[in-house]
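Undergrad: Before I ask anything, let me first share the structure, which is written out below as structure tokens.
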Amino acid sequence: MILLVAPETQYSHVHSLRLISTRHVKILVSNDDGYRAEGIHRLRAALATLAEITVVAPDRNRSGASNSLTLDVPLRVFEAEPGVFFVPGTPTDCVHLAISGLFDFEHDMVVSGVNDGPNLGDDVLYSGTVAAAVEGRFLGLPTIAVSLCTTHAGGGYFETGAEVARVLVAQLLKHPLQQALILNVNVPNVPYESCVATAPVVWAIATAPRPSCARRTRAGVRCTGSDRPVRSRTPVRGRTSRRWPPASCRSRRCRWTLRGTPPCRDSRPGWSA
């Protein structure tokens, strides 16, 4: 359920110690599903019981944006409601702007999510959710990325992911992670009561004993050949081309749709799926 992505290097706890002593904690919330996504609304509401929350998120779904920055055009920031801002850019853009000068105050932590779908294995390199957390870590803040293990069938217990995030943040305010660490949390798509019954996440952090079903793992690898792009026809003047398949896969009659990686299991001990 829990994946830690971190180098082995030891860093000081200067920022984390300041965080504990701060009376009014300020948390930056972002994601890659867009500021209208259910997951980020749930997360904001849950964390509001612990700290002052500011949301800076993309204006639309930017899943798969990874750590990309928008460098070819200037960015604009829009306020959707008090404390909620959206940017026509990537998750990394959002976190970079928010920490580097958009506000006249400093944030103490970055929490990214709750993502619609898991971020496991090689997918952490593509994930905009994880990238938002990575950018926060690059800029010196403690960070958490939270994802809900939903399926393509749609729907999910985003309140579970938000509550798991709230419990972990509350613990990290008391027992901060090393500054080099990024906590990437993947939450089962079940009611929170079921999640707690099988894995009491309040203990599932590096500084506390862990139950057998809440594990720290290494990032696994993608199942090769399981995510081939889908080829489809391109409509021509309001109708579908009669010749199918076209003579060449690079024909203008042919278009490609990239797919996310389907569920896949890395069976090596201690590795995530």
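Every read-out reported here was derived from the displayed coordinates using simple, explicitly stated rules and does not represent laboratory data. Keep in mind the model is a prediction, meaning the values are calculated, not measured. Positions of Cβ are backbone-derived with ideal geometry, glycine not excepted, and every protein chain shown enters the neighbour counts.
Undergrad: Treat the count of other C-beta atoms within 10 Å as a stand-in for reagent exposure and order VAL29, VAL130 from fewest to most.
TA: On the way: VAL29 31, VAL130 27.
Listing VAL29, VAL130 from fewest to most nearby Cβ atoms yields VAL130, VAL29.
Undergrad: Hey, rough spin-label estimate for GLU81 and LEU50, points 7 angstrom out along Cα→Cβ, what's it come to in nanometres?
TA: Label-label distance for GLU81 and LEU50, simple model: 2.2 nm.
Undergrad: Oh, and also: Amide H of ASN189: which non-local residues (sequence gap of 5 or more, or other chain) have their own amide H closer than 5 Å, using H built in the peptide plane?
TA: CYS149
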